[in-house]
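The values are calculated or read from the model by the stated rules, or taken from the named source; none is laboratory data. No experiment lies behind these values; they were computed from the predicted model shown. Don't worry about glycine lacking a Cβ; one is built from the backbone with ideal geometry, like all the others, and counts go over all protein chains shown.
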Amino acid sequence: MAENRTGAFIGGLLLGTAVGTAIGLLLAPRSGRETRRLLKKSAEALPEVAEDVTSSLQYQSEKLLDSAQKSLDEALLRLQQAVAVGKEAMVQKRQELTQAQNLRTLAVDEVDLERQDREEEAR
C-alpha cells in the first residue's frame, strides 16, 4: 500500500512541477518572445514528463500486482493446510467412532449371549 502512495506522490510531483512551471512562465515579468520560448521548451518536455509518470505508474502497478499475487498464494497455502488438518481430524474421529461402535456391538452381543445362556439354563 505504501508503494501505491509512493507512485501517486511521484506522479503528482511531476504533474505539479509541469503545471507550476507553465503558470510561473505565464505570470513571470518577461518579454513575450522570451515567455513563448520558455513555454515551447516546457511543452517539449511534457512528453518526457508524461513518459516518466507512465513508467512510474507501470512500475508501481507491477509491484502491487506481485504483492497481491504473493498474498493470494500465501492465503491459498494456509487454506490448503487447514483443509488437510480438517481431513486428518475427520479421519481420526471416524476411527474413534468406528471403534466405539464396534465396542458397543460387542457389548450388546455379549449381553445377548448371556441372556440366551440364562434362558437355556432356565429351560
How about segment 1-32: which of its residues are modelled with pLDDT of 80 or more and over 30 Å from LEU65 (Cα atoms)? VAL19, GLY20
THR98 farther than 24 Å from ARG5 by Cβ and either touching a Pro at 6+ places or on another chain (Cβ under 6 Å) or not charged (D, E, K, R) (or both): yes
Return yes when GLN60 is surrounded by 10 or more Cβ atoms within 10 Å (Cβ to Cβ) and in contact with a Gly (Cβ under 8 Å, 6 or more places away or on another chain) and no when it is not. yes
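For (1) closer than 30 Å to THR6 by Cα; (2) among the aliphatic types (A, V, I, L, M); (3) touching a residue at least 12 places away in the same chain (Cβ under 8 Å), each residue gets a yes or a no:
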{"residue": "LEU57", "(1), (2), (3)": "yes, yes, yes"}
{"residue": "GLN60", "(1), (2), (3)": "yes, no, yes"}
{"residue": "LEU79", "(1), (2), (3)": "no, yes, no"}
{"residue": "ALA82", "(1), (2), (3)": "no, yes, no"}
{"residue": "GLU88", "(1), (2), (3)": "no, no, no"}
{"residue": "VAL91", "(1), (2), (3)": "no, yes, no"}
{"residue": "LEU103", "(1), (2), (3)": "no, yes, no"}
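Matching residues to (1) surrounded by fewer than 10 Cβ atoms within 10 Å (Cβ to Cβ); (2) among the small types (Gly, Ala, Ser):
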{"site": "SER42", "(1), (2)": "no, yes"}
{"site": "ALA45", "(1), (2)": "no, yes"}
{"site": "VAL108", "(1), (2)": "no, no"}
{"site": "GLU114", "(1), (2)": "no, no"}
{"site": "GLU121", "(1), (2)": "yes, no"}
State whether the residues of segment 18-30 include one that is under 30 Å from LYS63 (Cβ atoms) and surrounded by 14 or more Cβ atoms within 10 Å (Cβ to Cβ). yes
